[in-house]
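The values are calculated or read from the model by the stated rules, or taken from the named source; none is laboratory data. Note that this is a predicted model, so its numbers are computed, not measured. Positions of Cβ are backbone-derived with ideal geometry, glycine not excepted, and every protein chain shown enters the neighbour counts. Only protein heavy atoms, including side chains, enter the accessible area calculation; ligands, DNA and RNA are left aside. Shrake-Rupley method; radii C 1.70, N 1.55, O 1.52, S 1.80 Å.
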Amino acid sequence: MEKKEHIISILVHNKPDVLARIAGILGGKGYNIESLCVNTTTSYEISKIVMTTIGNQATITRIENQLRKFVDVIAVNNLTNVESIHREMILVRLNLSADSREQVTKTIETYQWKVIVSADAYVILEITGDKPQIDFALARLEPLGIADITRTGIIALELEN
Amino acid sequence: MKLKGTQILLKILEEEKVEIIFGYPGGTVLDIYDRLYKSKIKHILVRHEQGAVHAADGYARATGKVGVCLVTSGPGATNTVTGIATANMDSIPLVVFTGQVPTFLIGNDAFQECDITGITRPCTKHNFLVRNIEELASTIKEAFHIARSGRPGPVLVDLPKNVMAAEINYDPAKIKFRNYDTFHKPAPKKMAHVYEMLAHAQKPLIVTGGGVILGKASAELTALARRYQIPVTGTLMGIGSFPGMDPLWLGMLGMHGTYYANMAVSHCDLLIAVGVRFDDRVTGTIDTFATNAEIVQIDIDPSSINRNVVVDLPIIGDTKATLKDMIKFLTEHNYAPQASYRKEWLDQIAIWKEKVPLSYCRDGRFIKPQHVIETLHKIAQGNIIVTTEVGQNQMWTAQFFPFDEPNTLVTSGGLGTMGYGLPAAIGVKCAFPDKHVVDIAGDGSIQMNIQELATAAQYKINVKIVLLNNGYLGMVRQWQELFYEKRYSHTDMTYAPDFVKLAEAYGVVGLRATKPAEVEKTLREGLAIEKPVLMDFQVSREECVYPMVGPGSSISDMKLGTREMIN
Ligand SMILES: Cc1ncc(C[n+]2csc(CCOP(=O)(O)OP(=O)(O)O)c2C)c(N)n1
C-alpha cells in the first residue's frame, strides 16, 4: 500500500495533558507525527489539533482508531480524503549587509513578501502558504542567507462539512 | 452540605458500591486513611503496592466489578505501575487512587513527588490529576464510569493532599461528567453477511477470547456453538468462556495450544473470532495464520480489528449484543449446517484429537506438574477459582485444567506478569470466601510477591498455593533447552528458601509432596485446612510444555515432544 502524508484534524477537550497524552501514546506505538498545531476553538473548552503523519492507509486507519479511543477526543477527521485547504507560516530573519541589502530588497519586492519588522541590520518576513508555496519561498530565501527561521505545522480546514 | 475532599471520596466510593479497597498508606494519603478508620468499607493492607493492584485486579476479574486501590505518592505510586500495566493489557476495570503532594508543590521535586499520571499514561485507559476540589467528585465518578464502560481498563486518579483537605459544598445532584458509553450494536447487514459466510462454510471454527468474558457473552457464545455444532478454540484469556468439558471445545490455540486446535485453525474455512485481538502468541507467523479461512472478527474496540490479522468481515460491537443478534438472525433465517459437511469436519477434528492428545508420561518416579493440576481439578469438583503465575505453570494450567465457567481462570495474559497469582488470589478470595481459590505457581514467580502471604495470614484470607517447584525459571529454561542448546544461562533457581518453613514463618501452613503417590493426599489436605496453605510439590525438573510452536513458526508447525518424556 502506498505511503502518503495525511492531515488529521482532531477536536479534543481542552485538558492540561491532552496533547502530551496524544503525542506520547502515538509516539509510544511507533507512529511518527510530522507536524502539529494546537489551539483553542471558538470555545476555550475545546481545542483543535491538526496533525500530519505519513503512512499507508492501514497505518492511518490504526492511528485514527487509536485517536478515537482517547477519552478526551471528541472527533477525528482525516482531511486528506475531503476537499480542504492547508496553510503553514514561516517567520524568517534575514540579516542585511552592505553587499546583500539590494538583492534582499529586490527579492522581497519580486515575491511581494510581507515585511513585519524592518531594521537597519535585518528584516523579518512573514510568509504563509501551502506546503509547495512555503518550499518555493524557502528555496528563494536560502541564497539570501537565512539568519533564523520558525515554521509552523500545517493547519487545515474542510471546504464544507 | 459542606464536605472535605476525603469525605467526598469515601461518599462516592460508597455510592459506587465499593466493598473493598486494597491499599498501603503513606504521608500524602494519611487524611484519607484517617477517614477510612471509621468507614464501613473494608480495607486490606497489602505488603507491597504491586500486590494491592493485582489483588484489586483479581477481585475485578472474578466478580466483573471495578477493583479499587489506594496508595501514597512517589514510591507508593510507582510500585503500582506493573499492576496497572497488567490490568491494562487484559482490559480489567480498576480505579487506582494515588496520593500526591499538595498542588502548590507539584513541579518542585517535593518529597515523594512523582509525575505518576505522566508515568502511567501509556498503561492506563485514562488518568487524572485532580487540580482542585471543584473537580474532585465528578472526576471520581468519571473514573469509575471510564473503567467499566466500553472496553474496560484501569483508571488512575492522582489526589493532591491539599485538594483532599479542602472543603466544598457537596451536592450529588450537581455532579456532572461526560458519558463515554460506547455501546455498539452492529448493522443488520453484517448479520446477513455472517449468514452467507456460514452457509457456504464447510469447516467453521470459533475462536473465543477475553472479550467474551469481559462482555459477559459466554452463554450466547456457548448457545451459538452448540446449536450449530461449531467447534470452539480459545485464547488464554478466553478460557472459561466455553465449557472446557464440552466435546466441541478444542482447548487453547497458539504457541502452547493443543495440536487439534492449531490444526483446526490451519484447516478451517471460516474463522469467527469473538473478543480476540490476535496477539502474536496466538497467531504464530501471521502470513501462515488461518490461510484457508475467511475471518470474521467481532470486537468492541475498533482499534483491535484489522490490527494484526486482516479480516474479511469486521464487526464492531459489544460481544453479547452481537452474538444475540447473530443467533436471532440465524434462527429467523433457518440456518442449518449441512449435516454431511459438519460431520466430516467434526470427524476430522476427532482424528486429530486422537492422534495427538494432550499428554505426559504418567508413571515415573517424579511428580509431574500436569498430574498435580489434573488431580486438583478432580478433587475441587468445580468449586474453585484458579489464579496462576507466569511460565510453565500457567501454560499447564491452561492445558490440563478444564474450566467450565467464565471468570474461574484468573491469569495475566497480555503482560505475562510473574508475581501476579498470589495477590490476585487474595483479591479473588475476598470476593468468593466459600470457593477454593488456588494459585498455581512456579518457584520463580511466587518469590516475586511472596510477602503477600502475610496479608493472607493477617486477614485469614484462606488462599491456597500449589507450587510446582522445579528449581528453575522453567519456561525460560525450556526455551534454552529447545533453542539455545541447553545453555541454562541464569535460570537455575535451586538456591531458594525452604518454602514450607517460609510459609510457617508467615503464619501460613506449609505442606510438601515429593512423590507422585503423595499428590492427591497433599492436595486434599491442603484444600481442607481452613487457613492459607502453601503446598510445595517438588516436580520433575526438566519437564517441557508441549505442544510448542517455536518463535517465527506457523502454528501448524508444532514441536510435540517425545511421547516417552524423560523421567
Ligand atoms: C516480572 C517478570 N519477569 C520476567 C519474566 C520472564 N519470564 C517468563 S516465564 C519465566 C520463568 C518463570 O519461572 P517460574 O515462576 O519458576 O515458573 P515455571 O516456568 O517454572 O513454571 C520468566 C523469567 C516475566 N514473565 N515476568
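A few remarks follow.
- Of the numbered criteria (1) away from chain A (no Cβ under 14 Å); (2) open to solvent by 50 Å² or more (accessible area, probe 1.4 Å); (3) at pLDDT 95 or above, the one B:GLY76 fails is (2).
- Residue check, B:ALA398 among the hydrophobic types (A, V, I, L, M, F, W, C), modelled with pLDDT of 95 or more and either under 17 Å from the mean Cα position of the chain (by Cα) or within 16 Å of the ligand (Cβ to nearest atom) (or both): yes
- Residue in the range B:110-124 that is out of contact with any Ser or Thr (no Cβ under 8 Å at 6 or more places or on another chain) and away from chain A (no Cβ under 14 Å) present: yes
- The set of residues from the range A:1-15 being of a type in the set (D, E, K, R), over 18 Å from the mean Cα position of the chain (by Cα) and away from chain B (no Cβ under 11 Å) comprises A:GLU2, A:LYS3.
- When the range B:1-44 is filtered for residues that are more than 22 Å from B:TYR59 (Cα to Cα) and basic (Lys, Arg), the ones remaining, listed by number, are B:LYS2, B:LYS4, B:ARG35, B:LYS38.
- Any hit, the range B:152-167, residues being within 24 Å of B:ASP34 (Cβ to Cβ), at pLDDT below 95 and not aliphatic (A, V, I, L, M): no
- Identity of the residue in the range B:469-486, touching a helix residue (DSSP H, G or I) at 6+ places or on another chain (Cβ under 7 Å), more than 7 Å from the ligand (Cβ to nearest atom) and farther than 18 Å from B:ASP536 by Cα, that ends up most open to solvent (accessible area, probe 1.4 Å): B:LYS486
- Top-ranked residue in the range A:130-161 [being assigned to a helix (DSSP H, G or I) and of a type in the set (D, E, K, R); ranked as nearest to A:ASP99 (Cα to Cα)]: A:GLU142
- Subset of the range B:147-189 that is aromatic (Phe, Trp, Tyr) and touching a residue at least 40 places away in the same chain (Cβ under 8 Å) - its residue that is farthest from the other protein chains (Cβ to nearest Cβ): B:TYR170
- Enumeration of residues in the range B:163-175 that are surrounded by fewer than 16 Cβ atoms within 10 Å (Cβ to Cβ) and part of a helix (DSSP H, G or I): B:ALA165, B:PRO172, B:ALA173, B:LYS174
- Counting only strands (runs of 3 or more DSSP E) that sit wholly inside the range A:53-124, those with at least 2 residues that are within 12 Å of chain B (Cβ to nearest Cβ) and in contact (Cβ under 8 Å) with a residue 12 or more places away in the chain are A:73-78.
- First in the range B:134-146 and more than 14 Å from chain A (Cβ to nearest Cβ), second anywhere and open to solvent by less than 10 Å² (accessible area, probe 1.4 Å), Cβ under 6 Å, 6 or more apart: B:LEU136/B:GLY5; B:LEU136/B:ILE8; B:LEU136/B:VAL130; B:ALA137/B:ILE8; B:ILE140/B:ILE12
- For the range B:283-320, filtered to residues that are within 14 Å of chain A (Cβ to nearest Cβ) and of a type in the set (Asp, Glu), the residue that is surrounded by the most Cβ atoms within 10 Å (Cβ to Cβ) is B:ASP299.
- Among the residues making up the range A:16-52, a single one is open to solvent by less than 60 Å² (accessible area, probe 1.4 Å), facing another protein chain (nearest Cβ under 9 Å) and assigned to a loop (DSSP other than H, G, I, E, B): A:ASP17.
- In the range B:1-79, counting only strands (runs of 3 or more DSSP E) that sit wholly within it, none holds 1 or more residues that are in contact with a Pro (Cβ under 7 Å, 6 or more places away or on another chain) and without any contact (Cβ under 8 Å) to a residue 12 or more places away in the chain.
- B:PHE278 open to solvent by less than 20 Å² (accessible area, probe 1.4 Å), over 26 Å from B:ASP347 (Cβ atoms) and aromatic (Phe, Trp, Tyr): yes
- Of all residues in the range B:38-58, those satisfying the criterion of being more than 16 Å from the ligand (Cβ to nearest atom) and open to solvent by 10 Å² or more (accessible area, probe 1.4 Å) are B:LYS38, B:SER39, B:LYS40, B:ILE41, B:LYS42, B:HIS43, B:LEU45, B:ARG47.
- Matching residues in the range B:11-34 - criterion: being touching a helix residue (DSSP H, G or I) at 6+ places or on another chain (Cβ under 6 Å) and either buried (at least 21 other Cβ atoms within 10 Å of the Cβ) or within 23 Å of B:LEU105 (Cα to Cα) (or both): B:ILE12, B:PHE22, B:GLY23, B:TYR24, B:PRO25, B:GLY26, B:THR28, B:ASP31, B:ILE32
- Within the set B:VAL232, B:VAL212, the sole residue that is under 21 Å from B:ASN292 (Cβ atoms) and in contact with a helix residue (DSSP H, G or I) (Cβ under 7 Å, 6 or more places away or on another chain) turns out to be B:VAL232.
- Here B:VAL463 clears all of (1) within 18 Å of B:THR387 (Cα to Cα); (2) within 11 Å of the ligand (Cβ to nearest atom); (3) open to solvent by less than 10 Å² (accessible area, probe 1.4 Å) except the condition numbered (2).
- Qualifying residue in the range B:510-529 (condition: within 16 Å of the ligand (Cβ to nearest atom), among the polar types (S, T, N, Q) and away from chain A (no Cβ under 14 Å)): no
- Check on B:VAL71, crowded, with 24+ Cβ neighbours inside 10 Å, in contact with a helix residue (DSSP H, G or I) (Cβ under 8 Å, 6 or more places away or on another chain) and within 14 Å of chain A (Cβ to nearest Cβ): no
- Filter result (buried (at least 24 other Cβ atoms within 10 Å of the Cβ), more than 11 Å from the ligand (Cβ to nearest atom) and in contact (Cβ under 8 Å) with a residue 60 or more places away in the chain) within the range B:431-452: B:VAL438, B:GLU452
- Being closer than 23 Å to B:LYS368 by Cβ, more than 14 Å from chain A (Cβ to nearest Cβ), open to solvent by 10 Å² or more (accessible area, probe 1.4 Å) and within 13 Å of the ligand (Cβ to nearest atom) is a condition met by no residue of the range B:419-427.
- Check on B:LEU376, open to solvent by less than 10 Å² (accessible area, probe 1.4 Å), within 16 Å of the ligand (Cβ to nearest atom) and of a type in the set (A, V, I, L, M): yes
- Residues of the range B:478-509 classified as outside any helix (DSSP H, G or I) and aromatic (Phe, Trp, Tyr), total: 4
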